[in-house]
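The values are calculated or read from the model by the stated rules, or taken from the named source; none is laboratory data. Predicted model, so just to flag it, every value in this text is computed and none were measured. Ligands, DNA and RNA are stripped out before the accessible areas are found, and what is left, the full protein with its side chains, is counted by its heavy atoms. Shrake-Rupley method; radii C 1.70, N 1.55, O 1.52, S 1.80 Å.
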Amino acid sequence: MQMDKLNQTLTAVKNLRSNVRQCFEHLADGTDGEGVEESRNKFVHDFQERFGAINSQLREVEQLINGLQVPPTAYHLGNTTFLAQETSQERQALYPQLVNSYKWIDKVHDHSMLAFNNLNQNTLRRSYNYCSQKRQRLPFSSFNNDPDHIDKLLSDINHPPHTSYKVFHPFGSNAVAIVTISNVLKAAIVFKGVLIEWVTIKGYDETLEHDDLWAESRYEVFRKVQEHAHSAMLHFFSPTLPDLAVKSYVTWLNSHIKLFLEPCKRCGKYIANGLPPTWRDLRTLEPFHEDCRNS
């Protein structure tokens, strides 16, 4: 009988909390804005009804609480009832501490799962290898390499005529490659180990040195090419095969040698919106205007 009253009281408290939450949601939604005076009157009337229902439920909860009696014996709480058999005063207070510990563990578990899911959604990693559950020794490190490795890697790439590479090491072992593609453009590729960290594209007549890597081109066409170069950098990123990623990326970059000479493969035009075909397909290397590549 006492348990029935307790369950009835808990149900009333739950209903009271639900109605209070709905009342505050109603206040937060406000009026719909149509028929200002009529909508306002309806809003006030609904709020008064909800508030009256909350007052009546509150009185009901108070009556139910007043009708409860202190149980002569402790409720059956499973194995936790054995905690009450302790004779030490310090250990008799373990039950509320145990409940708080369980709540804290549940919150930690929920937050950990949310953090795990959010971190796994980041698929655009460039500089940091993905850490699996089992830590294994990587056969190849993408960060600590021979300083001359980038020089050897770029020299092995089959590049078109009138394309040159200059490699600097202004950041210690990390290299910066200045790529000059015919009389069309210049590109500065910043490496971290063998991984590409940043790319700057400028016109052939613009200054591009290793100490001026972050300034954008003054020409819109090369700023657009730089945006596409960053997209391609993320596409070709591969921490497990960094040499192949660099070769594939530089091959894609060299396809801009006919930036102003090839028409768009989609519309057949040389100029659209004042710009030549600035996008190169990541597989076929065919030129497209930015608006044509997704159409």
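Using a cut-off of 23 Å between alpha-carbon atoms, which lysines can reach Lys103, once sequence neighbours fewer than 8 places away in the same chain are excluded?
Correct list for Lys103: Lys14.
Can you divide the C-alpha Rg of the range 147-292 by 2.2 N^0.38 Å and report the result to two decimal places?
My calculation over the Cα atoms of the range 147-292 gives 1.01.
Apply the Debye scattering formula to the range 175-220, with a single equal point scatterer on each alpha-carbon and no solvent, then give log10 I(q)/I(0) at q = 0.28 Å⁻¹.
For the range 175-220 at q = 0.28 Å⁻¹, log10 I(q)/I(0) is -1.03.
Rounded to a whole number, what % of the accessible area of the range 147-292 do carbon and sulfur atoms account for, probe 1.4 Å?
That fraction is 51 percent.
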